[in-house]
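Everything below concerns the one structure shown next.
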Amino acid sequence: MKQHKIWVDADACPNPIKEMLFRAAERKSLPVVLVANQTIRIPPSAFISQVRVGSGFDVADQYIVDHVAATDLVITADIPLASAVIEKGALALNPRGELYTADNIRQKLTMRDFMDELRSSGIQTGGPSALSAADKQAFANSLDKWLIRV
């Protein structure tokens, strides 16, 4: 049986979330791979690694899609990446603790595209709010649920 792995879309992943993932990797002896187009600081560990990809639009996302297995979990706020991961049978978890599923990803893609259209027409939509304590707790809870299942 293939070992489970956690892939992290690391360029935009908040540091508190990475810290939780580092602790989970050590606690569960579970591989965590951070993928980014820059060097990411990681603690020395047999379970934590990083892949530095070239710069360019969606290069890190494509690397994750090319290497993810159906038993894996991907940490990302990138909805198109989450959709591609779900198509491969894996799971995707937002850094705010929301699990992307086959049931909700289409709606999320539609909303993302709508917001992109608004921004491209000059309407200021604002960015995401700062990661709150509730967001961190929601992520920790969702991660723990996945860890218990595997």
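The values are calculated or read from the model by the stated rules, or taken from the named source; none is laboratory data. In this text, all values refer to a predicted model and were calculated from it rather than measured experimentally. Reconstructed Cβ throughout: ideal geometry from the backbone, glycine too, with neighbour counts over all protein chains shown. Only protein heavy atoms, including side chains, enter the accessible area calculation; ligands, DNA and RNA are left aside. Shrake-Rupley method; radii C 1.70, N 1.55, O 1.52, S 1.80 Å.
Worth a mention:
- Any hit, the range 97-116, residues being among the hydrophobic types (A, V, I, L, M, F, W, C), touching a strand residue (DSSP E or B) at 6+ places or on another chain (Cβ under 6 Å) and modelled with pLDDT under 95: yes
- Checked against the criterion of being surrounded by 13 or more Cβ atoms within 10 Å (Cβ to Cβ), within 17 Å of the chain's Cα centre (by Cα), under 18 Å from A12 (Cα atoms) and of a type in the set (A, V, I, L, M), the range 96-114 contains one or more residues that satisfy it.
- Residue within the range 17-27 that is open to solvent by less than 50 Å² (accessible area, probe 1.4 Å), closer than 23 Å to K136 by Cβ and more than 16 Å from the chain's Cα centre (by Cα) present: no
- Taken together, the criteria exclude V51 from residues that are open to solvent by less than 40 Å² (accessible area, probe 1.4 Å), within 15 Å of the chain's Cα centre (by Cα), modelled with pLDDT of 95 or more and under 21 Å from A140 (Cα atoms).
- Meets criteria (closer than 18 Å to F139 by Cα and among the small types (G, A, S)) for A60: no
- Within the range 60-82, the residues that satisfy the criterion of being surrounded by fewer than 21 Cβ atoms within 10 Å (Cβ to Cβ), modelled with pLDDT of 95 or more and not in a loop (DSSP other than H, G, I, E, B) are Q62, Y63, V65, D66, H67.
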